[in-house]
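**Student:** Please read through the structure below; I'll follow up with questions.
The values are calculated or read from the model by the stated rules, or taken from the named source; none is laboratory data. Since we're looking at a predicted model, the values are computed, not measured. Every residue, glycine among them, receives a Cβ derived from its backbone with ideal geometry; neighbour counts consider all protein chains shown.
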Amino acid sequence: MSANQELIINGQRVHVPTDLEWDDIVRTGRWSGEVAFLDSSKPRILDALQFVRTYREIFSLGLFKAGPWAKEWTLSVLFKQGGAERQVHIERVRCKNCGVTHTIANPAIADFFLASQNKQEALKQAFDESLVRCHKCGARLPRPAIWARLTIE
Ligand SMILES: [Zn+2]
């Protein structure tokens, strides 16, 4: 990506800085003149960046304002599916059936849909689309997932 992108996701304007811009954000803690993250969050940002760069074809890291009152930026992991980006939460879950651990992308988080026209329907749809199952035994994972990989411990 050579230029940063601006996307509308669930009614929310999301900026996707380039790799170089992210390096700058990590160094300064700021984006577009405002606080992108606090020092205490830096390890979390570095983890998220490393994750999206490992899977850069499908994941990216964006920034948005969580409402018109928000001064600071909120970080968001984005998952590309069918040419569109959606917000996901990266989580670790253990399969209750066989015990293996997965890293998953969970799209069914109520906070993602605060700016959606129909919050309940959007959240329900995200749940319904989260069909990825345990890679080892095929059981349903304990959390909604639209992407999963076995976690190497
Ligand atoms: Zn399993």
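**Student:** Within region 94-153, work out how many residues are at pLDDT 95 or above, among the basic types (K, R) and under 29 Å from P68 (Cβ atoms).
**Tutor:** Within region 94-153, residues that are at pLDDT 95 or above, among the basic types (K, R) and under 29 Å from P68 (Cβ atoms) number 1.
**Student:** Quick test of your reading of the structure: Q117 fulfils all but one of (1) under 11 Å from the mean Cα position of the chain (by Cα); (2) part of a loop (DSSP other than H, G, I, E, B); (3) not hydrophobic (A, V, I, L, M, F, W, C). Name the failing condition by number.
**Tutor:** So Q117 meets the others, but not (1).
**Student:** Within region 75-92, is there a residue that is in a loop (DSSP other than H, G, I, E, B) and away from the ligand (no atom under 16 Å from the Cβ)?
**Tutor:** From region 75-92, those in a loop (DSSP other than H, G, I, E, B) are 82-83; that's our starting set.
Next, only the ones that are away from the ligand (no atom under 16 Å from the Cβ) stay: 82-83.
Within region 75-92 (the criterion being in a loop (DSSP other than H, G, I, E, B) and away from the ligand (no atom under 16 Å from the Cβ)), the answer is yes, since at least one residue qualifies.
**Student:** Does S60 fit the bill of being away from the ligand (no atom under 16 Å from the Cβ), within 17 Å of L7 (Cβ to Cβ) and modelled with pLDDT of 95 or more?
**Tutor:** Values: away from the ligand (no atom under 16 Å from the Cβ): yes; within 17 Å of L7 (Cβ to Cβ): yes; modelled with pLDDT of 95 or more: yes.
Criteria met by S60.
**Student:** Any chance region 32-50 includes a residue that's touching a residue at least 40 places away in the same chain (Cβ under 8 Å) and assigned to a helix (DSSP H, G or I)?
**Tutor:** Checked region 32-50: at least one residue is touching a residue at least 40 places away in the same chain (Cβ under 8 Å) and assigned to a helix (DSSP H, G or I).
**Student:** Determine, yes or no, whether T103 is within 16 Å of the ligand (Cβ to nearest atom) and touching a helix residue (DSSP H, G or I) at 6+ places or on another chain (Cβ under 9 Å). Step through it out loud before you land on a result.
**Tutor:** Values: within 16 Å of the ligand (Cβ to nearest atom): yes; touching a helix residue (DSSP H, G or I) at 6+ places or on another chain (Cβ under 9 Å): yes.
Criteria met by T103.
**Student:** Condition test on Q120, is it more than 16 Å from the ligand (Cβ to nearest atom) and more than 20 Å from L7 (Cβ to Cβ)?
**Tutor:** Details: more than 16 Å from the ligand (Cβ to nearest atom): yes; more than 20 Å from L7 (Cβ to Cβ): yes.
Considered against the rule, which asks whether it is more than 16 Å from the ligand (Cβ to nearest atom) and more than 20 Å from L7 (Cβ to Cβ), Q120 comes out as yes.
**Student:** Do any residues in region 119-147 that are within 18 Å of E91 (Cβ to Cβ) and touching a residue at least 12 places away in the same chain (Cβ under 8 Å) have Cβ atoms under 6 Å from those of residues that are assigned to a strand (DSSP E or B) and within 15 Å of the ligand (Cβ to nearest atom), where the two are at least six apart or on different chains, and which pairs are they?
**Tutor:** That search, which allows pairs on different chains as well, returns V132/A148; H135/L150; L141/V93; P142/V93; R143/V93; A145/I104.
**Student:** When only residues in region 64-74 that are hydrophobic (A, V, I, L, M, F, W, C) and surrounded by fewer than 17 Cβ atoms within 10 Å (Cβ to Cβ) count, which is farthest from the ligand (Cβ to nearest atom)? Don't jump to the end; show me each part of the working.
**Tutor:** Our first condition is that a residue be hydrophobic (A, V, I, L, M, F, W, C); within region 64-74, this holds for 64, 66, 69-70, 73.
Right, trim to surrounded by fewer than 17 Cβ atoms within 10 Å (Cβ to Cβ) and you get 66, 69-70.
Details: A66: 35, W69: 43, A70: 39 Å.
Ranking the candidates gives W69 first.
**Student:** Let me ask something additional. Do we find that C98 is part of a loop (DSSP other than H, G, I, E, B), on the phi < 0 side of the Ramachandran plot and touching a Leu at 6+ places or on another chain (Cβ under 7 Å) in this structure? Steps first, please.
**Tutor:** Working: part of a loop (DSSP other than H, G, I, E, B): yes; on the phi < 0 side of the Ramachandran plot: yes; touching a Leu at 6+ places or on another chain (Cβ under 7 Å): no.
Taking the combined requirement at face value, the residue does not satisfy it.
**Student:** Then there is this: Considering (1) part of a strand (DSSP E or B); (2) β-branched (V, I, T); (3) surrounded by 14 or more Cβ atoms within 10 Å (Cβ to Cβ); (4) free of Cβ contacts under 8 Å to residues at least 40 places away in the same chain, say which one T103 fails and leave the rest.
**Tutor:** (4)
**Student:** Could you figure out which of (1) without any contact (Cβ under 8 Å) to a residue 24 or more places away in the chain; (2) exposed (fewer than 13 other Cβ atoms within 10 Å of the Cβ) isn't true of R92?
**Tutor:** So the condition that R92 fails would be (1).
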